[in-house]
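Working notes, structure below.
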Amino acid sequence: MVAVTGRDPPSSASSECSENSEDFGGGTIDVQLEFETKVETPTSPSASRNQNKTHRRERTFSASSNKGDPPVIRTRQRTIYTAGRPPWYDKHGQTIEPFVIGICGGSASGKTTVAKKIIEALNVPWVTLLSMDSFYKVLNEDQHEQAEKNKYNFDHPDAFDFDLLIDTLKKLKEGKRVEVPVYNFVTHAREKRFKFMYGANVIIFEGILCFAHKDLLDMMDMKAFIDTDSDIRLARRLKRDISERGRDLIGCLSQYERFVKPSYDLHIAPTMRHADLVVPRGGENTVAIDLIVHHVHAQLQARGLKLRSALAEIHNDQPMPTSLHILPETSQVRGIHTFIRNRDTDRDSFIFYSKRLMRLLIEESLSLLPFKQIIVETQQNLVYEGMKSGAGKICGVSILRAGETMEQALCDVLKNVRLGKILIQTNTMTGEPELYYLRLPKDIQDYRIFLMDATVATGAASMMAIRVLLDHDVPEDNITLCSLLMASSGVQSIAYAFPKVQIVTTAVDPEINDKFYIKPGIGNFGDRYFGTEAISYS
Amino acid sequence: MPVAEVKPDVVPQEEHSPLKEPKRDVPISNNVKLIPITNQTRELQTIIREKNTSRGDFVFYADRLIRMVVEEGLNHFPYTPQTVITPIGATYEGLRFVKGGCGVSIVRSGEAMEKGLRDCCRSIRIGKILIQSNEDTHEAKVVYAKFPEDVASRRVLLMYPIMSTGNTIIKATRVLRDHGVKAENIILLNLFCTPKAVKCVTDAFPQLTILTTEVHPVAPNHFGQKYFGTD
């Protein structure tokens, strides 16, 4: 195992953060998306300002910054991403359903150890580890008192919030973002912050009663029961409770006799019959773990994740989709294109003319939104039948870096427009897009979205951005993708995957070259605009 | 105001419902053209016309509409084919703008359109004409005119946002003609005009091109005052 070994907690596709800020950057696998902040509850402006100061994002454990490392590590025909989030959907934009492994077993049977060993052996970049412990019900005062006296049954199905659990696992399986409660075992309440998790390639779900509900069983692709000898479990439990949690022997034993053992016999052991395989001895059973890993690999292989090259190949020679709108090609538009496509154009002119084109593009995109008729009184006190935008709130979302160049054009025509950002970088070793960072308004689903990227070649980055928006519950037909230049295959891929997304561009080029650049194209727009290109293109 | 009696009558009904497709290049006559009319441009017109629009909004939205008219007007400038090499080494069959255009604004409201032109053409030459009407006789009189020296050989974007009677434009065109500019080389960039003004100008100069966003029996008044904040 490459980057996970020896680190704790294991690689997991989760994050805790504030204000919908999701930072996908970082060092090695084990730290991607693992950081913690308090969720800000918007109160008065001054209060939230204070919160901003005190509740900055903090990492729960240090990220070893391996900036010099390559962004992927290849082992045994597999690719491990060490930084961004690779595509979690197929070439049709549909989320690839994650493989859900359920791990059940008695208390202290070694479920977490098995889960970690599976994660290590799996070697896949995105694994979400969901624990049932997060879904304990919030205790009222009486129950809290009982718990203090070891008289509350934490091992009974009633102790868990199954509705929330089922809902969470379902959303994870759909690839959506979920807020997982953080349960405090001292106060027996949920903390104010959440843990954000995303559906990953593999979801491991563990808990003492995770086979106890039919809906949960239905969502699992593989069910393993950890069958560890009850003596060993009791021994482990005593050790953990006494030495790690500072409890006394008598209390622990009475709780065990009173609740843990009866619950195991009554509610947990019988669910063993649902298991696909039973793992005796827990984490020590390397043969069983190997079997599980083999099976998961075979399943994942069948799903496949070669997105960009798959996108470049499909949909040739088809008529352009109806969701595409191209800015009418006037002499000015073509003249501007000539300037910005010419490799000899200096940056000054490149920026000037691309800005002009962006303005035309944004105005054109706005004109396609819904409008409604209104009647106004003019300065001369006459009645005038006019128009008013019926589009509601608009939020621009730029795909960093090149998409950011279009923000100004949007701000120039829309007062008070909100701007979100998504950083997607192409992994130079795989050619695949990866999600690194995103920051969107909290209520993003209530906005009409102008998704902006300067150029669209295969459409891989745009599709990832659209997928992110959909995962944040933005309706598909509320998204307009604005781009200066697109390749026809990119248009086809996006329109095929997301037919309701309105696509607006100023020109569509016929081809993509082997480096996934649009041909004849415009070169690397971001590099030319920001002046970060290599010395010469030739 | 006598115009207060005029009722918008001849406008067809569908004008008032949202447009499915933008109307592009709508020639009213040979030389009178509308910029592409979309629901968006109609919203801008509505805001500019509305009584209660704040000055900040008025300037903001007028600037947006002006920019559209300017962009459309520039399409009347000459160009030649040009092939360029793109950064990846492919060829692109494009076109090159040919020098030989200039702007002329009519003081004061026409000057509101200079920024829009300057934003599109960084170094374009801009001339100015100041025309004032005699309070008593309503006769327009040229007070000041300054053009690039070679204005006669250029295409002229004449800038004047509101045209109610057409008198000012006729006067300005005469001045330009006196400086050797042919009417066929003049493109009037305009936001709002009346059918009366259109007829008046086209009768006097059939070769002149009028580019506007709306021909309506009532044009907004006091554009310059509201734009420059001197009302």
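Each reported figure results from applying straightforward, stated rules to the coordinates on display, with no laboratory input. Keep in mind that what you see is a predicted model, and the values were worked out from it rather than measured. Here the Cβ is made from the backbone with ideal geometry for all residues, glycine too, and neighbour counts use every protein chain on show.
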- Query: Considering only DSSP beta bridges with both partners in chain B, what is the antiparallel share in %, to the nearest 5?
  - Reply: 40
- Task: Compare the Cα positions of B:H76, B:I47, B:L65 along the charge dipole of the range B:34-76 (+1 at Cβ of Lys, Arg; -1 at Cβ of Asp, Glu; about the Cα centre) and return the one farthest towards the positive end.
- Result: B:I47
- Cβ under 11 Å from B:N221's Cβ, B:N221 left aside: what net charge do those residues give with Lys, Arg +1 and Asp, Glu -1? +1
- Per-residue ellipticity at 222 nm attributable to helices in chain B (runs of n ≥ 4 DSSP H, -39500 (n - 2.57) apiece, nearest 500 deg cm²/dmol) works out to -8500 deg cm²/dmol
- Separation of the A:K372 and A:E244 label points, Cα + 7 Å toward Cβ, nm: 5.8
- How much FRET efficiency would the formula 1/(1 + (r/R0)^6) give for A:E385 and B:R108, where r is the Cβ-Cβ distance and R0 is 35 Å, rounded to 0.05? 0.70
- Message: So if I take the centroid of the Cα atoms in the range B:129-176 and the same for the range B:179-201, what is the distance between those two points in Å?
- Response: 10
- Query: For chain B, list the DSSP H helices whose alpha carbon atoms reach 20 Å or more along the long axis and whose average Kyte-Doolittle value is -0.5 or above?
  - Reply: B:55-74
- Task: Using Cα positions and a limit of under 23 Å, work out the lysines in reach of B:K141, with same-chain residues fewer than 8 apart set aside.
- Result: B:K128, B:K171, B:K182, B:K196, B:K199
- Tally Lys and Arg at +1 and Asp and Glu at -1 over the other residues with C-beta under 12 Å from the C-beta of A:D215: what net charge comes out? 0
- Per DSSP, the loop-located trypsin sites (Lys or Arg not before Pro) within the range A:449-538 having at most 10 other beta carbons within 10 Å are A:K515
- Message: To make sure I understand the rule: partners must be lysines, Cα under 19 Å from the Cα of A:K117, and not fewer than 8 residues away in the same chain. Which ones qualify?
- Response: A:K223
- Task: Please report how far the C-alpha centroid of the range A:312-379 lies from that of the range B:52-113, rounded to the nearest whole angstrom.
- Result: 14
- Sequence order, the range A:239-244: Karplus ³J(HN,Hα) from phi using 6.51 cos²θ - 1.76 cosθ + 1.60, θ = phi - 60°, Hz rounded, Gly and Pro as x, gives 4, 5, 5, 7, 7, 9
- Query: Nearest 20 debye, what's the magnitude of the dipole of the range B:101-195 about its Cα centre given +1 on Lys and Arg Cβ and -1 on Asp and Glu Cβ?
  - Reply: 300
- Mind giving me the FRET efficiency for B:V98 and A:R347? R0 is 22 Å, r the Cβ-Cβ distance, nearest 0.05 is fine. 0.40
- How big is the charge dipole of chain B about its Cα centre, in debye rounded to the nearest 20, if each Lys and Arg gets +1 on its Cβ and each Asp and Glu gets -1 on its Cβ? 520
- Long-range amide H contacts for A:E511: which residues qualify at under 5 Å (H placed 1.01 Å from N, peptide plane, sequence gap of 5 or more or a different chain)? A:S488, A:K519
- Message: Please report the spacing between the Cα centers of the range A:106-159 and the range A:266-299 in Å, no decimals.
- Response: 18
- Listed pairs A:K170/A:K442; A:K149/A:K170; A:K393/A:K500; A:K111/A:K171 exceeding 29 Å between Cα atoms: A:K149/A:K170
- Query: What order do you get for A:374-386, A:100-112, A:281-293, B:133-145 when each peptide is scored by the mean count of other beta carbon atoms within 10 Å, highest first?
  - Reply: A:100-112, A:281-293, A:374-386, B:133-145
- Query: Under 5 Å between amide H atoms, partner at least 5 residues away or on a different chain: which partners does A:L129 have, H built in plane at 1.01 Å?
  - Reply: A:A13, A:I204
- Within the range A:441-538, report the chymotrypsin sites (Phe, Trp or Tyr not before Pro) that DSSP leaves as loop and that have at most 15 other Cβ atoms within 10 Å. A:Y537
- Message: 7 Å from Cα along Cα→Cβ at both B:S153 and A:V278: what's the point-to-point distance in nm?
- Response: 9.9
- Message: Explain nothing, just the number: relative contact order of the range B:13-228, from Cα pairs under 8 Å at least 6 residues apart, as a whole percent.
- Response: 20
